[in-house]
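To keep things clear, I will list the structure first and then write my remarks on it.
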Amino acid sequence: MADIASPTRGVTCAATLERREEALPGVFILEFRLDGGSSVDQPVPGQFYQFNCGGGREHMLPRPLSVHGVTRWDDEVAMLRFLVEAVGWGTERLCSLEHGDEVRLLGPLGRGFSLAEDGKALLVAGGIGIAPLFFLASEMDRNDMEYDLLAGFRSARQFYRPLSGLEGGVEVYTDDGSLGSGGMVSDGVGGRLERGMYRAVYTCGPQAMMAVVAGISEETGVPCQVSLASRMGCGIGACRGCVMEGRGGENLCVCSDGPVFESNKVAWTGHPST
């Protein structure tokens with residue numbers, strides 16, 4: 001597998017909301033047009049933007065959001081899509097924006113996924129972790145690359161319908177068994193990797209799920225890239241507010257060293273399977 005993609009230097013720009021759609025209960029697709037068009041760097045899957053949600057002194061920190069898709073990128077217009085769950089003051093404010101509202105953002109930031117050079121890939125998403133992996137799958141479709149995607153949700157009500165439009169194989173898991181296979185999405189990983197079907201694994205979702213997927217990948221010798229989430233301050237590695245422990249005891253700055261890491265670089269604290 002290729003090395004994790006190098007980070008890009010983000011720029012601050014204004015972005016105008018062009019579309020808002022409630023894709024799931026409390027989860028919205030937000031599509032923004034960036035001022036300056038494609039003069040800014042085009043993001044790769046796994047990278048993120050820092051959104052200034054306003055709010056003055058009580059809500060100073062921006063909100064990091066993974067890119068969900070690039071809908072247009074040319075000399076005139078740059079359009080980005082984000083999948084946002086309204087879980088707190090900042091994301092609730094973003095999800096309440098109206099067409100034409102403007103926000104300030106910084107990006108693209110961090111290190112994104114690196115595509116395997118050959119062979120089939122396995123993508124494993126849990127919940128809102130589908131956001132960057134849907135972007136990754138779309139890029140794989142564009143490059144005629146083979147993959148399967150396992151997607152886990154709490155119930156059929158949380159199923160993300162755009163998955164049906166992907167070209168790769170999609171298998172759904174739900175906690176309550178109301179759609180697809182019942183159980184955790186990580187349940188479907190072991191058998192697939194043991195059969196030697198894949199050259200690379202990419203995963204994003206709850207940390208406990210990623211720890212299990214990473215452990216299985218390492219046991220079967222399949223390289224795995226994980227997209228970590230952490231509370232962030234600056235988004236560029238200066239404040240060190242998003243540091244997590246590395247496998248060798250070093251500090252990993254999620255925003256600048258990641259958010260995408262090789263799974264064997266991460267210390268999955270509290271998950272002995274790795």
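Nothing in this text is a laboratory measurement; each read-out follows from the coordinates by a stated rule. If you're wondering where the values come from, they're calculated on a predicted model, not measured in any experiment. Every residue, glycine among them, receives a Cβ derived from its backbone with ideal geometry; neighbour counts consider all protein chains shown.
Positive contributions from Lys and Arg (+1) and negative ones from Asp and Glu (-1), summed over other residues with Cβ under 15 Å from the Cβ of Ala15, come out at +1. The string of couplings for the range 139-146 from the Karplus curve (6.51, -1.76, 1.60, θ = phi - 60°) is 5, 5, 4, 5, 9, 6, 9, 8 Hz, one whole number per residue in order, with x for Gly and Pro. Subtracting the Cα-Cα distance of Glu219 and Arg247 from 0.36 nm times their residue separation leaves 8.5 nm of extension gain.
Pairwise Cα distances in the range 121-265 exceed 25 Å in 29 percent of cases.
Of the residues Arg142, Arg111, Arg19, the one that moves most in a GNM of the chain with alpha-carbon contacts below 10 Å is Arg142. Close amide H pairs (under 5 Å, H built 1.01 Å from N) link Val201 with Leu122, Cys224, Gln225, residues at least 5 positions away or on another chain. Taking a Cβ cut-off of under 14 Å around Arg192, the surrounding Lys, Arg, Asp and Glu residues balance to a net charge of -3, with basic ones at +1 and acidic ones at -1.
Across the range 241-251, rounded Karplus estimates of 3J(HN,Hα) from the backbone phi angles (6.51 cos²θ - 1.76 cosθ + 1.60, θ = phi - 60°) give x, 10, 6, 10, 7, x, 4, x, x, 6, 8 Hz, Gly and Pro being marked x.
For the range 40-45, the Karplus equation 6.51 cos²θ - 1.76 cosθ + 1.60, evaluated at θ = phi - 60°, returns couplings of 8, 5, 7, x, 10, x Hz by residue, with Gly and Pro reported as x. Only DSSP H runs of four or more residues enter the estimate; each adds -39500 (n - 2.57), and after division by the residues of the chain the mean residue ellipticity at 222 nm equals -4500 deg cm²/dmol. Along its three principal directions, the equivalent ellipsoid of the range 111-184 from the Cα gyration tensor extends over semi-axes of 23, 11, 11 Å, largest first. Scanning residues 5 or more positions from Gly180 or on other chains, none has an amide H under 5 Å from its amide H, with H placed 1.01 Å from N in the peptide plane. Treating each Cα of the chain as an identical point scatterer and summing with the Debye formula, the log10 of I(q)/I(0) at q = 0.07, 0.10 Å⁻¹ comes to -0.23, -0.49.
With the convex hull drawn around the C-alpha atoms of the range 11-109, the volume per residue stands at 89 Å³.
Sorted fewest first by neighbouring Cβ atoms within 10 angstrom, Cys242, Cys253 come out as Cys253, Cys242. About its Cα centre, the dipole of the chain is roughly 620 debye, where the only charges are +1 on Lys and Arg Cβ and -1 on Asp and Glu Cβ.
Per-residue extension of 0.36 nm, minus the Cα-Cα distance of Glu194 and Arg142, leaves a gain of 15.9 nm for this segment.
Against the main long axis of the alpha-carbon atoms of the chain, helix 207-220 sits at an angle near 40°.
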